[in-house]
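Engineer: One structure coming up, written as structure tokens, with questions to follow.
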Amino acid sequence: MSLDVPPALLEQAERGEVDEAAFVACVRDSLPYAWDMVSSLVAQLKVDGGEFADNQTPPPDEKARGQLLRALASDAIRGALERHFGVRLAFQNCHRVAVFPLQGSEDRLTRFTSVRGQLLNQSPELRDC
């Protein structure tokens, strides 16, 4: 299961539209490693500036890796995180999460998410990630 959904939020979904802030809180509480990774990269991007901020350190365990995969493989979760933090997210090799500002880094985002970028980010250590 991707998220630990509180009963009140599930009831809200069954009735119709869901409050996005409540959904984001559910993501934060359900996927703390992924949340911390994204929020720390957003903070790094704000402090350092530049075209993007990324993480190249593999998660400490499979539980953490699973959280990253669930957060970034879900269009709904990924989109909610992007809207909440005001960034674009990109993902490579089960752990390399990157955040890009919404404007001004389109070329760098395109390079990061390109086939070439994916191939250049390969290594034997990441084969089974």
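The values are calculated or read from the model by the stated rules, or taken from the named source; none is laboratory data. Quick caveat: nothing in here was measured; it's all calculated off a predicted structure. In this analysis, Cβ positions are derived from the backbone assuming ideal geometry, glycine residues included, and neighbour counts consider all displayed protein chains. We work out accessible area using only protein heavy atoms, side chains counted, and drop any ligands, DNA or RNA first. Shrake-Rupley method; radii C 1.70, N 1.55, O 1.52, S 1.80 Å.
Engineer: Looking at (1) without any contact (Cβ under 8 Å) to a residue 12 or more places away in the chain; (2) part of a helix (DSSP H, G or I); (3) more than 11 Å from the chain's Cα centre (by Cα), which one does Val18 not meet, given that it meets all the others?
Structural biologist: (2)
Engineer: Taking the options Arg88, Arg70, Arg108, name whichever one is of a type in the set (Lys, Arg), outside any strand (DSSP E or B) and at pLDDT 90 or above.
Structural biologist: Result: Arg70 is the single residue among Arg88, Arg70, Arg108 that is of a type in the set (Lys, Arg), outside any strand (DSSP E or B) and at pLDDT 90 or above.
Engineer: Something else: Out of all the residues in the stretch 22-59, which are within 20 Å of Leu3 (Cα to Cα), of a type outside the set (A, V, I, L, M) and open to solvent by 20 Å² or more (accessible area, probe 1.4 Å)?
Structural biologist: Within the stretch 22-59, Phe23, Arg28, Asp29, Pro32, Tyr33, Trp35, Asp36, Ser39 meet the criteria.
Engineer: If you check Leu68, Leu9, Leu81, which single one turns out to be open to solvent by less than 80 Å² (accessible area, probe 1.4 Å), in contact with a helix residue (DSSP H, G or I) (Cβ under 7 Å, 6 or more places away or on another chain) and over 29 Å from Glu106 (Cα atoms)?
Structural biologist: Numbers: Leu68 fails: over 29 Å from Glu106 (Cα atoms); Leu81 fails: over 29 Å from Glu106 (Cα atoms).
Residue meeting the stated conditions: Leu9.
Engineer: Going residue by residue through the stretch 74-84, is there one that turns out to be at pLDDT below 65 and outside any helix (DSSP H, G or I)?
Structural biologist: Going through the stretch 74-84, the residues at pLDDT below 65 turn out to be none.
No, that holds for no residue.
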